[in-house]
Amino acid sequence: DAKTTQPPSMDCAEGRAANLPCNHSTISGNEYVYWYRQIHSQGPQYIIHGLKNNETNEMASLIITEDRKSSTLILPHATLRDTAVYYCIVRAPQGAQKLVFGQGTRLTINP
Amino acid sequence: GAVVSQHPSWVICKSGTSVKIECRSLDFQATTMFWYRQFPKQSLMLMATSNEGSKATYEQGVEKDKFLINHASLTLSTLTVTSAHPEDSSFYICSARDRASGFHEQYFGPGTRLTVT
């Protein structure tokens, strides 16, 4: 599975949009981009995934560049409860089917 | 979304004893379950993948005789840490894939904090 690169930490003001970048320049054509987050001392929570089209759900939006080498997770109106470590993972449908976590981005929402 | 539970949520044991952690999928059938370990301020590290009714596949560097995994049913997987030592103290998290939802859906349990004294 392709490797991802994320900034180690980011800050965002409450109520503003939080934009979390992820670089996956070696992504293969059949690999999906997944985003999970982990609030302190809890298990990871699924946020969203996509292949090449932009995706939106009740939690967030995922913007994938046309060349698929990077993506951005957008939390439109961040709240204090969104403070967490956010993980960007790429994975192909076939093979071992396991999610391998990198270091992620520690997002802090400030009041 | 689907729910994965773990029991116990935390456990303290003496060095040399064994500890069993249960992972259950409460409202779905999980053909595949995963076990992760997380040390403080670090990311999750995949330990093993288990498929119902077959032997677990361990990641490189994980001792299969020390971390025994059993996936006897579609809703239950157990991780037994045998002869635990202080360096095994960690946050253990299981994850399960919903058989009906297919490849993309994977749900995580709340984790079990193990402290070995």
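Overview of results
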| quantity | calculated |
| --- | --- |
| Flag for B:SER15 being exposed (fewer than 15 other Cβ atoms within 10 Å of the Cβ), assigned to a loop (DSSP other than H, G, I, E, B) and more than 13 Å from chain A (Cβ to nearest Cβ) | yes |
| Residues of region A:99-111 classified as crowded, with 20+ Cβ neighbours inside 10 Å and either charged (D, E, K, R) or modelled with pLDDT under 95 (or both), total | 2 |
| Candidates B:LEU68, B:LEU114, B:LEU76 - the one that is touching a residue at least 60 places away in the same chain (Cβ under 8 Å) and not aromatic (Phe, Trp, Tyr) | B:LEU114 |
| Subset of region A:24-49 (residues that are outside any loop (DSSP other than H, G, I, E, B) and either over 10 Å from the mean Cα position of the chain (by Cα) or under 15 Å from A:THR79 (Cβ atoms) (or both)) | A:TYR32, A:ARG37, A:GLN38, A:GLN45, A:ILE47 |
| Filter pass, A:ASP82 being of a type in the set (Asp, Glu) and under 26 Å from B:THR112 (Cβ atoms) | yes |
| Residue list for region A:60-97, restricted to those being modelled with pLDDT of 95 or more, among the hydrophobic types (A, V, I, L, M, F, W, C) and assigned to a loop (DSSP other than H, G, I, E, B) | A:ALA60, A:ALA78 |
| Search result, residues across region B:23-45 that are modelled with pLDDT of 95 or more, over 16 Å from A:VAL100 (Cβ atoms) and within 11 Å of chain A (Cβ to nearest Cβ) | B:CYS23 |
| Candidate set: region A:22-40, residues that are away from chain B (no Cβ under 14 Å) and without any contact (Cβ under 8 Å) to a residue 60 or more places away in the chain; chosen: the one surrounded by the fewest Cβ atoms within 10 Å (Cβ to Cβ) | A:GLY29 |
| Some residue of region A:7-21 being buried (at least 16 other Cβ atoms within 10 Å of the Cβ), more than 27 Å from B:THR112 (Cα to Cα), more than 15 Å from the chain's Cα centre (by Cα) and away from chain B (no Cβ under 14 Å) | yes |
| Per-region count, region B:34-54, residues under 14 Å from the mean Cα position of the chain (by Cα) and in a loop (DSSP other than H, G, I, E, B) | 2 |
| Candidate set from region B:89-117 (those that are of a type in the set (A, V, I, L, M, F, W, C) and within 11 Å of the chain's Cα centre (by Cα)); member that is farthest from the other protein chains (Cβ to nearest Cβ) | B:ALA96 |
| Odd one out for A:LYS52 among (1) part of a loop (DSSP other than H, G, I, E, B); (2) touching an Asp or Glu at 6+ places or on another chain (Cβ under 9 Å); (3) buried (at least 18 other Cβ atoms within 10 Å of the Cβ); (4) modelled with pLDDT under 95 | (3) |
| Hey, B:ALA48 of a type in the set (Gly, Ala, Ser), more than 10 Å from every other protein chain (Cβ to nearest Cβ) and under 18 Å from B:ALA96 (Cβ atoms) or not | no |
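The values are calculated or read from the model by the stated rules, or taken from the named source; none is laboratory data. Please read all numbers here as calculations on a predicted model, not as lab measurements. Because the Cβ atoms are built from the backbone with ideal geometry, glycine has one as well, and the counts that use them run over all protein chains shown.
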